[in-house]
Amino acid sequence: MRSTFDLRSSPCLPHEFYNRPTLAVACALLGMRLVRLLDGVQLGGIITETEAYIGEADLGCHARSGKTRRNAVMYGPPGFAYVYFTYGMHWMLNAVTGPQGFPAAVLIRAIQPLQGLEIISARRQGRDTLGPAKLTQALGVDAAFNGADLCSPASGLWIEAGVPVPQSNILTGPRVGLYTVPEPWKSKPWRFRTTLPSAPPTR
DNA sequence: AGCACGATGCTCT
DNA sequence: GAGCATCGTGCTT
């Protein structure tokens with residue numbers, strides 16, 4: 001039984017994990033474990049839904065109009081958090097992917113809570129964590145984490161290896177909420193979901 | 001179970 | 001000044 005946190009071998013996925021085509025990373029992140037160290041307690045869960053946003057050519061991506069102050073982190077090295085604010089109240093968490101200089105990221109849309117269940121439930125007032133703004137609220141992720149290193153526990157927010165998700169358990173579909181984005185970008189099947197590990201409800 | 005809508009503020013043109 | 005990579009409530013089937 002392992003009851004203590006092993007500081008000698010970092011449990012985090014390495015930066016190279018993210019230095020791959022964004023679609024590959026979006027798939028590979030399913031089943032991985034997102035962890036937030038909040039007030040000395042680990043809150044975390046299995047990533048069950050992601051979306052890919054790929055380069056300036058992708059008109060659904062925030063980089064569609066080039067580099068700005070908001071999206072600058074996406075142009076940086078892979079394995080860092082791109083966190084932005086939207087709809088006047090919600091924070092969104094992305095993992096930057098691909099080589100430095102190429103603006104791309106994976107939006108983490110849902111987790112199934114695994115660690116710190118009571119705190120997560122309290123922060124969510126008993127409601128679910130299936131949704132990009134819901135999970136950031138559950139874990140306490142906000143502007144302070146824009147640019148955070150997802151490959152180091154020192155950042156307080158990282159991603160570890162989790163449970164393997166076979167290809168047959170991955171569902172794809174169009175990305176959510178891109179109402180005014182022109183085709184073909186609006187319909188690209190760049191949303192990925194899994195029903196593992198224990199069949200959370202879909203939304 | 002599914003729609004309609006209001007909340008609320010930052011970013012970029 | 002417009003447009004958001006959303007959520008929760010409340011109302012209708």
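The values are calculated or read from the model by the stated rules, or taken from the named source; none is laboratory data. Just so we're clear, the structure is a prediction, and the values are computed from it rather than from any experiment. Backbone-built Cβ (ideal geometry, glycine too); neighbour counts: all protein chains shown.
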Exception for A:Ala24 within (1) assigned to a helix (DSSP H, G or I); (2) surrounded by 21 or more Cβ atoms within 10 Å (Cβ to Cβ); (3) away from DNA strand B (no atom under 16 Å from the Cβ) falls at (2)
Go through the stretch A:56-66 and give me each residue that's within 8 Å of DNA strand B (Cβ to nearest atom) and in a loop (DSSP other than H, G, I, E, B).
A:Gly66
Need pairs with beta-carbon distance below 8 Å; first residue farther than 12 Å from A:Ala148 by Cβ and within the stretch A:75-91, second away from DNA strand B (no atom under 14 Å from the Cβ) and at pLDDT below 95; sequence gap 6+ or separate chains.
A:Pro78/A:Gly98
Quick check on A:Ile170: is it within 15 Å of A:Glu51 (Cα to Cα) and touching a Ser or Thr at 6+ places or on another chain (Cβ under 9 Å)?
yes
Note: among A:Leu117, A:Leu171, A:Leu130, just one is among the aliphatic types (A, V, I, L, M) and more than 12 Å from A:Gly45 (Cα to Cα), namely A:Leu171
